[in-house]
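The values are calculated or read from the model by the stated rules, or taken from the named source; none is laboratory data. Quantities reported herein were computed from a predicted structural model and do not represent experimental measurements. Virtual Cβ from ideal backbone geometry, glycine too; neighbours counted across all protein chains shown. Ligands, DNA and RNA are excluded from the accessible area calculation, which covers all protein heavy atoms including side chains. Shrake-Rupley method; radii C 1.70, N 1.55, O 1.52, S 1.80 Å.
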Amino acid sequence: YGREIFSITAAYDFGGRWFDYNDQITGNLRKYDVVPASGIAAGAEVYPLATTDVTVLKDLGIVGRFGTALGLGSTRDDNGDEVTTSWLHFDVGLRFRLRTGSEKAPVLGLHGGFGMNNFKFDAEGALAGEVPSVSYAYLKVGLDGRIPIGPVALGLFFDYLGAVSAGDVYDRFTDPSIGGIAFGGSFIVPIASGFEARLGAEYQRWFYAFVPVVGDTYE
């Protein structure tokens, strides 16, 4: 690890979403919770010049991830009708890896790129204006690391997310602002030459601020 040309990951995962408003005045804003939502995910890293001696470029890679929920549905509080719901996310970017010593030393990474996280409800009429559908498009920059501990290892990362657009919730309000962070880690166990198993968790948080005007539809 830290000198590979490429790596591929595949996962079956469980996710959750918690969405709520603070200090709302109108009654047309719905909070939303779902957990667990099962899904699948995949990722890849490619370092095209890893076998060369070109400084910097040999450790510069193209990285990407994709994930989607499976069979996700939501229920209205008022009459119990189910609303078709989808959750899809992906990101793509560059990563520079830095080895800190021998093969058993930590490997650090600096990464950045573009991503999207879409959580959509197939709602109609008045309900469409109440549900918290979002479509986060963002630029991200972050740090990651793999820390060997004997025969196993720990993986850690932290990202800052700068929103380019956010979707329906953001567009409803006067003078909105938004920002986000993501962080997580994994426990890594080698199982064969070139293969390993990981158990990990990730938390992504978006922060909104609004300046509604009295008389706005949403305040």
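Is one or more of the residues making up segment 127-135 farther than 19 Å from GLY67 by Cβ and open to solvent by 50 Å² or more (accessible area, probe 1.4 Å)?
Checked against the condition, which is being farther than 19 Å from GLY67 by Cβ and open to solvent by 50 Å² or more (accessible area, probe 1.4 Å), segment 127-135 yields no hits at all.
Could you list all residues from segment 25-49 that are in a loop (DSSP other than H, G, I, E, B) and within 27 Å of the chain's Cα centre (by Cα)?
Result: LEU29, ARG30, LYS31, TYR47, PRO48.
Those residues that are in a loop (DSSP other than H, G, I, E, B) and either over 30 Å from PHE96 (Cα atoms) or not hydroxyl-bearing (Ser, Thr, Tyr) (or both), I need them from segment 1-24; list them, please.
GLY2, ARG3, GLU4, ILE5, ASP20, TYR21, ASN22, ASP23, GLN24
Do we find that GLY43 is open to solvent by less than 40 Å² (accessible area, probe 1.4 Å) and more than 30 Å from ASP168 (Cβ to Cβ) in this structure?
No, not satisfied.
Restricting the first residue to segment 114-142 and requiring it to be closer than 17 Å to ARG17 by Cα and assigned to a strand (DSSP E or B), which pairs with a second residue that is open to solvent by 60 Å² or more (accessible area, probe 1.4 Å) and of a type in the set (D, E, K, R) meet a Cβ separation below 7 Å and a spacing of at least six or different chains?
VAL134/ASP168
For ALA201, state whether it is over 30 Å from ASN28 (Cα atoms), surrounded by fewer than 14 Cβ atoms within 10 Å (Cβ to Cβ) and in contact (Cβ under 8 Å) with a residue 12 or more places away in the chain.
yes
Does any residue of segment 80-87 turn out to be open to solvent by less than 30 Å² (accessible area, probe 1.4 Å) and of a type outside the set (Val, Ile, Thr)?
The answer is no, given that none of the residues of segment 80-87 is open to solvent by less than 30 Å² (accessible area, probe 1.4 Å) and of a type outside the set (Val, Ile, Thr).
Applying the selection to segment 88-120, what residues are among the basic types (Lys, Arg) and open to solvent by less than 40 Å² (accessible area, probe 1.4 Å)?
ARG95, ARG97
Among residues belonging to segment 139-154 that are under 21 Å from the mean Cα position of the chain (by Cα) and buried (at least 17 other Cβ atoms within 10 Å of the Cβ), point out the one that is nearest to PHE119 (Cα to Cα).
Top of the filtered list is LYS140.
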